[in-house]
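Visitor: This is the structure I want to talk about, given as structure tokens.
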């Protein structure tokens, strides 16, 4: 497969070797293993490989795509929800380690404790539902 980007031809994959947009080559198995590290996947690989989302953004606005590479992009509620769902299903140990903040209690300031572990938060909500 060959992709033309900014007048440079980049070979993406040949015989179990993957070449990123900066020219660095990885063995396919090595790259797949490195992709488990979120900092590599969302950092270096995000800028040096094209995903379907990247291609959609390039097609819609190359200027916006370039801006997002340089400065990042705003996180939407849909992205946060998607991350939580993905993590809950595929990485339950990461999900369980999250701290949940009850925004309503924080706004009302009538709750001394405003952040909980998943277990504490779930228990509190269950108790609140049972008392209704």
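The values are calculated or read from the model by the stated rules, or taken from the named source; none is laboratory data. Model, not experiment: these values are computed from the prediction. Reconstructed Cβ throughout: ideal geometry from the backbone, glycine too, with neighbour counts over all protein chains shown.
Visitor: Kindly provide the set of residues from segment 55-75 that are under 19 Å from residue 43 (Cβ atoms) and surrounded by 12 or more Cβ atoms within 10 Å (Cβ to Cβ), ordered by number.
Guide: Of everything in segment 55-75, those that are under 19 Å from residue 43 (Cβ atoms) and surrounded by 12 or more Cβ atoms within 10 Å (Cβ to Cβ) turn out to be 57, 65, 66, 67, 68, 69, 73.
Visitor: What number of residues within segment 71-96 are more than 24 Å from residue 57 (Cα to Cα) and either assigned by TED's automatic domain parsing to the domain that holds residue 46 or not in a helix (DSSP H, G or I) (or both)?
Guide: 1
Visitor: Same structure again: Going by what's in this entry, would residue 67 be described as part of a helix (DSSP H, G or I), without any contact (Cβ under 8 Å) to a residue 12 or more places away in the chain and farther than 26 Å from residue 94 by Cβ?
Guide: yes
Visitor: Taking the condition of being in a helix (DSSP H, G or I) and either touching a helix residue (DSSP H, G or I) at 6+ places or on another chain (Cβ under 7 Å) or farther than 17 Å from residue 70 by Cα (or both), how many residues in segment 16-47 meet it?
Guide: 10
Visitor: For the list (1) under 17 Å from the mean Cα position of the chain (by Cα); (2) at pLDDT below 85, I need the number of the one condition that residue 7 fails.
Guide: If we test residue 7 against (1) under 17 Å from the mean Cα position of the chain (by Cα); (2) at pLDDT below 85, just (1) comes out false.
Visitor: If we keep just the residues of segment 79-127 that are touching a helix residue (DSSP H, G or I) at 6+ places or on another chain (Cβ under 6 Å) and farther than 19 Å from residue 36 by Cα, which is modelled with the lowest pLDDT?
Guide: Step by step, filter segment 79-127, then rank; the result is 111.
Visitor: Consider residue 30 against the criteria (1) at pLDDT 90 or above; (2) under 15 Å from the mean Cα position of the chain (by Cα); (3) surrounded by 10 or more Cβ atoms within 10 Å (Cβ to Cβ): it satisfies all of them except one. Which criterion is unmet?
Guide: Among (1) at pLDDT 90 or above; (2) under 15 Å from the mean Cα position of the chain (by Cα); (3) surrounded by 10 or more Cβ atoms within 10 Å (Cβ to Cβ), residue 30 violates only (2).
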